[in-house]
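This report refers to the structure that appears directly beneath it.
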Amino acid sequence: MKYSNEIKVGATIIVATIIFIMGVRYFEDLPLFSGTYNLKSEFDQAGGLIAGNVVRINGVVVGSVNAVYIHPETQRVRVEFHVDKDIPVPEGSTSQVSGFDALGVVRLDVHLGPNDSPRIPEGGTVPGVKSADLLGDLAGKAPDMVDKVDAVLETLNSVLGETGQLISSPDSDVRQTLVSVQSSARVLDEFLTTERSRLSQILQNVESFSSDMSRFSTENSDSLSALVGNLNRTM
């Protein structure tokens with residue numbers, strides 16, 4: 001019984017250790033049952049990249065960043081990272097820090113080189129390339145954009161001012177056209193008001209005529225059919 005308990009305790013410790021190791025590998029984006037392939041890159045700026053950020057190839061997460069620090073000899077930012085050992089990274093590949101530091105979404109993208117190139121050895125260097133600084137580009141273009149917006153607003157203000165002058169000037173064609181339209185609308189309104197009773201009577205007469213024709217057609221349908229038949233035989 002004594003040895004049985006010791007065996008149970010030992011087995012429990014082993015299982016707990018295995019679960020712990022698998023959990024650590026899972027949360028560090030390490031393959032659970034296969035090894036990793038360690039590489040490094042250097043950049044002028046880290047761009048918010050920190051240890052634990054994901055490493056992607058063609059949009060797929062294949063590893064994570066191990067460490068980010070200033071290399072004492074080159075005085076550049078060195079990034080050490082790992083990927084799945086089953087994914088070869090050939091010579092001619094490059095790495096790039098991507099994402100937005102302000103949003104906390106930063107990653108390391110690896111762009112693979114030619115397939116027929118030899119594989120970069122374990123611990124080898126993947127050349128880092130400068131990331132596109134979208135915010136910096138926008139900041140640089142901001143003065144030109146502001147100038148263009150100001151020019152558009154000035155043009156719009158000028159057009160609106162000229163339009164206002166055309167409308168307010170008594171001698172302008174636009175003013176006279178608006179007055180003519182207003183006068184025509186007033187005359188039409190007066191006509192409809194004056195002739196409303198007559199128009200109503202005309203509509204009633206039309207409705208009455210339609211009713212009479214419908215009733216006549218219904219009451220004399222047989223005669224009309226015979227008449228149409230006679231005309232057809234005659235022709």
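The values are calculated or read from the model by the stated rules, or taken from the named source; none is laboratory data. The model shown is predicted, which means the values in this text are computed figures rather than measured ones. Virtual Cβ from ideal backbone geometry, glycine too; neighbours counted across all protein chains shown.
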Residue check, ALA102 against (1) in the same structural domain as VAL54 (by the TED database); (2) modelled with pLDDT of 70 or more, all met but one. Which one?
(2)
Restrict the check to the stretch 181-193 and report whether at least one residue is modelled with pLDDT under 65, farther than 30 Å from ILE87 by Cβ and in a helix (DSSP H, G or I).
no
Which members of the stretch 116-133 meet the condition of being more than 21 Å from THR74 (Cβ to Cβ) and either in contact with a Phe, Trp or Tyr (Cβ under 6 Å, 6 or more places away or on another chain) or modelled with pLDDT of 90 or more (or both)?
ASP116, SER117, PRO118, ARG119
Filter the stretch 83-132 for residues that are charged (D, E, K, R) and closer than 18 Å to LYS40 by Cβ; the one that is farthest from the chain's Cα centre (by Cα) is GLU122
Search result, residues across the stretch 57-80 that are under 28 Å from the mean Cα position of the chain (by Cα) and surrounded by fewer than 13 Cβ atoms within 10 Å (Cβ to Cβ)
ASN58, GLY59, VAL60
Tell me, yes or no, whether the stretch 120-129 has at least one residue that is closer than 15 Å to ILE50 by Cβ and touching a residue at least 60 places away in the same chain (Cβ under 8 Å).
no
Any residue in the stretch 58-81 that's assigned to a loop (DSSP other than H, G, I, E, B): show its pairings with residues that are acidic (Asp, Glu) at Cβ separation under 7 Å, as long as the two are six or more apart or on different chains.
HIS71/GLU42; THR74/GLU42; ARG76/GLU42; ARG76/ASP44
